[in-house]
Amino acid sequence: MSVSAAAGPTARPVLGEPVPSLGEGRKLAIFLVMAVGQFMAVLDIQIVAASMSSIQAGLSAGLDEIDWIQTAYLMAEVVMIPLSAFLARALSTRWVFAASAGLFTLTSLLCGAAWDLPSLIALRALQGFVGGAMIPLVFATGFAFFDGATAAMATAALGAISTLAPTLGPTIGGWITDSFSWRWLFFINVAPGLAVTAALIGLGRFDRGEPRLLAKMDWLHAASLTLALGGLQYVLEEGPRRQWFEDRSVAAVAWAALVAGAVFAERCFFSRSPLVSIAPFRRRGFLAAVLLSFVVGFGLYTAVYLTPVYLAQVRGYSSLQIGATVSVTGLFMMLAAPLAAWLVTRIDQRIVMAIGLLLYVTAFLMMAEIGPDWGFRQLFWPQAVRGFAVLFSMVPVMGMALSELPAAELRDASGLANLTRNLGGAVGIALVNTWLLRFLALHLEALARSANAAPQRALQAAQGLAQLFGAGGVAPDEARLMAAQTLVRGAAAQALTLAFGDVFRLCAGLFAGSLLLAPFCRPGPMTEAQRHEGAPEGP
């Protein structure tokens with residue numbers, strides 16, 4: 001039975017209001033507007049990350065300070081993701097999303113006008129907090145509006161957007177800073193942000209809120225959530241470069257986050273009005289799907305992170321060159337989207353999930369053979385395989401997490417699934433950074449031992465390079481210096497490349513192990529959900 005065919009008082013509710021009041025065209029328009037808002041929020045993180053050096057120069061900031069522009073944003077965003085479900089219940093999805101888009105636009109304008117680094121960091125934190133509601137709410141709305149194949153296609157589209165934005169980010173960010181200035185990284189959000197806000201308001205009501213919930217808000221639950229998630233994000237961001245718990249500030253924040261996390265868990269079980277509902281965990285397979293969402297986030301963000309780092313540090317590529325090289329993943333994600341959506345409605349989603357995880361293993365193993373001279377041609381097929389892996393894992397994991405839930409639980413479940421995916425990415429990036437540094441040290445040490453064991457060979461290589469430079473008209477002393485520098489750079493590039501290969505092998509092993517979770521998820525294909533029970537009542 002199609003969604004539009006539903007009628008009467010028993011029709012499936014859409015976030016609190018009966019379906020027949022919404023036509024198919026209006027539902028599609030609402031969903032597309034919200035998807036544009038999601039794309040804007042995800043893209044903003046990436047274009048700023050690609051142009052940190054330009055912002056640093058523009059604000060005369062130090063290397064140890066500039067990273068807080070991203071850290072502050074991510075800490076605030078991760079707090080809002082689970083809060084968005086409570087706010088949507090209280091104020092309605094329509095108004096929370098419109099407010100999120102509008103305030104994101106306003107804070108983007110203010111970020112572009114920031115006068116120094118502290119002001120930009122504060123405004124970025126505010127921007128991340130107000131914009132964080134858009135991502136989970138669009139997933140919940142997609143599953144509330146659509147069933148079966150349509151819901152699968154909507155999930156595939158949102159999954160492609162989630163990864164396409166990081167793929168395009170370096171190119172767009174590099175082009176903006178080269179053509180205009182770093183301030184336009186933020187000003188570029190103004191026009192689409194205003195359009196999304198106005199369009200969503202203009203499309204009219206599609207659910208109702210319960211403002212009385214605000215009076216029952218558990219403030220201890222809110223405070224513990226903020227401290228636990230914000231502290232965890234800080235530890236994951238700062239830990240790799242500060243030697244983790246050897247740094248007092250990282251250790252102190254970790255302990256505070258741990259205590260806050262215990263208080264947050266207690267409030268989830270015993271609060272009369274919890275901000276985050278754990279009701280979705282009663283559903284079969286939801287916990288397994290959420291754990292797989294964590295794994296998907298690990299793979300999604302680490303792969304998007306590692307390839308540009310390799311191209312920048314080993315190959316010396318510019319932002320524009322990096323963007324052109326990694327765009328392959330986005331292209332194959334678009335090709336994979338309709339196939340993934342078709343498969344999850346016809347075969348057991350766990351099989352599609354297993355295929356996605358195996359494709360991730362394959363892509364990581366292909367990348368494990370990386371060499372110091374790899375470029376577009378060598379990276380093409382590993383990225384193509386990963387493009388299919390992303391959609392073949394993200395579509396079924398969201399389907400297994402959300403497709404059986406009643407409308408009353410969709411927003412909380414979507415928030416939890418998106419939160420775990422983001423945390424998977426944060427944990428993944430922190431881990432691969434730590435692994436990369438450790439493997440780099442091991443390979444540099446091994447190369448040094450090799451050079452010491454055969455000093456004559458190293459000396460002959462240096463002399464040969466010096467003669468080559470000297471033949472080009474370089475003075476003897478300068479030629480010897482250039483030869484030494486070339487050997488050192490070559491050894492460092494070789495050691496770093498070997499370290500990347502080791503990290504990719506570890507990632508492949510992690511994804512192979514995660515296959516054990518698939519059997520515990522909800523069996524069967526993604527079919528039309530019947531959500532007659534548990535609909536939130538309007539005031």
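Could you check the spin-label model distance between Arg315 and Arg241? Points 7 Å from the Cα along Cα→Cβ, value in nm.
Rounded to a tenth, the inter-label distance reads 2.5 nm.
Residue by residue, what Karplus-based ³J(HN,Hα) values in Hz, rounded to whole numbers, does the stretch 171-178 have, using 6.51, -1.76 and 1.60 with θ = phi - 60° and x for Gly and Pro?
Residue by residue, the stretch 171-178 yields 5, 5, x, x, 5, 5, 5, 6 Hz.
Quote the convex hull volume per residue of the stretch 218-274, based on C-alpha atoms, as a whole number of Å³. Please list the in-between numbers first.
Details: hull volume 3.1 nm³, N = 57.
Each residue corresponds to 54 Å³ of Cα convex hull volume.
Ignoring solvent entirely, what values of log10 I(q)/I(0) come out of the Debye formula for the stretch 326-415 at 0.17, 0.21 Å⁻¹ when each Cα is a single scatterer?
The computed values of log10 I(q)/I(0) come out as -0.74, -0.95.
Output ³J(HN,Hα) for the stretch 372-384: one whole-Hz value per residue in order, computed from phi by the Karplus curve 6.51 cos²θ - 1.76 cosθ + 1.60 with θ = phi - 60°, and x for Gly and Pro.
So the J values, rounded to whole Hz, are x, 10, 5, x, 4, 5, 6, 8, 4, 6, x, 6, 4.
Give the peptides 203-215, 502-514 in descending order of average Cβ contacts within 10 Å, highest first. Walk me through the numbers on the way to the answer.
Details: 203-215: 15.8, 502-514: 19.3.
The packing order, highest mean first, is 502-514, 203-215.
Calculate the length of the line joining the C-alpha centroid of the stretch 296-375 to that of the stretch 196-217, in whole Å.
What the calculation gives is 37 Å, centre to centre.
Whole angstrom only: what separates the Cα centroid of the stretch 410-444 from the Cα centroid of the stretch 87-101?
29
Pairs of Cα atoms under 8 Å, at least six residues apart: use those to get the relative contact order of the stretch 218-274, whole percent.
On the way: 53 pairs, mean separation 27.8, N = 57.
Relative CO of the stretch 218-274 lands at 49 percent.
Where Rh denotes the Kirkwood radius from the mean inverse Cα pair distance, what is Rg over Rh for the stretch 262-349? Display every interim value, and only then the final one.
Values: Rg = 19.9 Å, Rh = 17.0 Å.
Reported Rg/Rh, Kirkwood definition of Rh: 1.17.
Run the simple label-point estimate for Lys216 and Glu266 please: 7 Å along Cα→C-beta, distance reported in nm.
For the pair Lys216/Glu266, the computed spacing is 2.2 nm.
With the radius of gyration and the Kirkwood radius both derived from the Cα set of the stretch 369-421, what is their ratio Rg to Rh?
Numbers: Rg = 17.2 Å, Rh = 13.6 Å.
Here Rg/Rh amounts to 1.26.
In whole Hz, with x marking every Gly and Pro, tabulate ³J(HN,Hα) for the stretch 228-243 from phi via Karplus 6.51 cos²θ - 1.76 cosθ + 1.60, θ = phi - 60°.
These are the phi-based 3J(HN,Hα) values: 5, 6, x, x, 4, 4, 4, 4, 5, 6, 8, x, x, 8, 10, 6 Hz.
Collect residues whose amide H, placed 1.01 Å from N in the peptide plane, falls under 5 Å from the amide H of Arg208; neighbours closer than 5 in sequence don't count.
Those lying under 5 Å, H to H, from Arg208 are Glu17.
With a point put 7 Å past each Cα toward its Cβ, work out how far Leu442 is from Trp184 in nm, to one decimal.
Output for this residue pair reads 4.6 nm.
Å³ per residue of the Cα convex hull, for the stretch 179-275? The partial results should precede the final answer.
Details: hull volume 16.2 nm³, N = 97.
With only Cα atoms used, the stretch 179-275 gives 167 Å³ per residue.
Just so you know, all these numbers are worked out from the coordinates, no wet-lab data involved. Everything numeric in this text was worked out from a predicted model, so none of it was measured. Note: ideal-geometry Cβ built from the backbone for every residue, glycine included; neighbour counts use all protein chains shown.
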